[in-house]
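Read the structure below first, then the notes.
The values are calculated or read from the model by the stated rules, or taken from the named source; none is laboratory data. Bear in mind that the values here come from a model prediction, so they are computed numbers and not experimental data. Please note: Cβ atoms are built from the backbone with ideal geometry, for glycine as well, and neighbour counts cover all protein chains shown.
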Amino acid sequence: MKNNKVYLYGQILGTHSFLLKDGFLQPDEYSEIKAQYFLPGGETGTAATVLSSLGVSVKMDGTWIGTEVAPMLKEFYAGRSVDLSSIHFPEDDPGVMDYVVIAGLVRSPMGRFQTLFSSGKRWWSVPREEDIAEAEAAAIDPFFGEETMLAAKLCKEHGVPFVTIDSPHTSELHSMAAINVVSKECTSQHYAGMDADVIMELLKETTDGLTIITQGGGEMLYARKGGEIRRMKPFDVEVKSTLGAGDTFKAGCTYALLHGMSDEETVRFASACSAIAISRFPLPLNPPTLAEVNAILGKTQA
């Protein structure tokens, strides 16, 4: 019997978040902090938190967790269905952190990732085959080069379908994924000036998986090779913070993949998860539950 139904590989951080009281930062002007937290973050860290809240057993690996992040991370996941046993905890490094300033729909992340990635040093784990072999579904972040592709290839070898994010149509990761969730940030970077329908045509015809394009508060597009492009509007909620919205959408897709949902069910479920996420702050302390997601979906079906 598989103990960890979902395997997650990628970015795991300690996130310092600051929610401002009266609008976003302005040059030479004072800003009042309404709330601040130091909690697990990163695409994989947030997805683990959400999946655990949805009732899924998770094993995660990826970023090395240093001395300043480790105590918080271990305490946070104690008692949750998230297995940290494969994570490397070095004792000579503070660990990877980011800092996010938030005011409603606007947020600005800060960190040292450009410096870290240009250092020539690996600060993430090599995925373990035994972790992937025991999973029923997975999610893989695209950030870690050869190790990312090793995780993807091991998933393929062991018949474990996986979700990825922000992988362009020319990437091997995109072609291998069961679901690729492409954000507005990704399309702006790789397909500047191109219409979303044109981008989707490129994406959907270069994979046998499901491609989803999210556009913030705008309409989502989803499609498969040879099929028509379908559309869905996000659920309408009052936004408190958009921090973690995309990571929660990825978690929702992973849950849907694990449970064999149809394409429409997948997008609706992930969108409902994300809607709940942006309606509260901080997300790690208030992740969506399955009952809450089903309530949103039930209201729209009535």
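For segment 256-302, name all the residues that are closer than 25 Å to A223 by Cα, assigned to a loop (DSSP other than H, G, I, E, B) and either modelled with pLDDT under 95 or of a type outside the set (A, V, I, L, M, F, W, C) (or both).
Listed by number, the residues that qualify are H259, G260, S262.
How do the helices (runs of 4 or more DSSP H) wholly within segment 141-255 filter down when requiring 1 or more residues that are surrounded by 14 or more Cβ atoms within 10 Å (Cβ to Cβ) and of a type in the set (G, A, S): which remain?
Where helices (runs of 4 or more DSSP H) fall fully within segment 141-255 and carry at least 1 residues being surrounded by 14 or more Cβ atoms within 10 Å (Cβ to Cβ) and of a type in the set (G, A, S), they are 145-157, 172-176, 196-204.
Residues of segment 1-45 being part of a loop (DSSP other than H, G, I, E, B), within 22 Å of D93 (Cβ to Cβ) and among the aliphatic types (A, V, I, L, M), which ones?
I12, the sole residue that qualifies.
Please find, among A103, A48, the residue that is modelled with pLDDT of 95 or more and not in a loop (DSSP other than H, G, I, E, B).
A48
For segment 55-77, does any single residue satisfy the condition of being within 18 Å of L285 (Cα to Cα), charged (D, E, K, R) and either modelled with pLDDT of 95 or more or surrounded by 20 or more Cβ atoms within 10 Å (Cβ to Cβ) (or both)?
Yes, the conditions are met somewhere in segment 55-77.
Might you let me know whether segment 42-62 holds any residue that is basic (K, R), in contact (Cβ under 8 Å) with a residue 12 or more places away in the chain and in contact with a Lys or Arg (Cβ under 6 Å, 6 or more places away or on another chain)?
No; the residues of segment 42-62 include none that is basic (K, R), in contact (Cβ under 8 Å) with a residue 12 or more places away in the chain and in contact with a Lys or Arg (Cβ under 6 Å, 6 or more places away or on another chain).
Spot the failing condition for F117; the list is (1) closer than 19 Å to D166 by Cβ; (2) surrounded by 17 or more Cβ atoms within 10 Å (Cβ to Cβ), and only one is missed.
Single failed check for F117: (2).
For segment 56-85, what are the residues that are closer than 14 Å to W123 by Cα and either assigned to a strand (DSSP E or B) or in contact with a helix residue (DSSP H, G or I) (Cβ under 7 Å, 6 or more places away or on another chain) (or both)?
D61, G62, T63, I65
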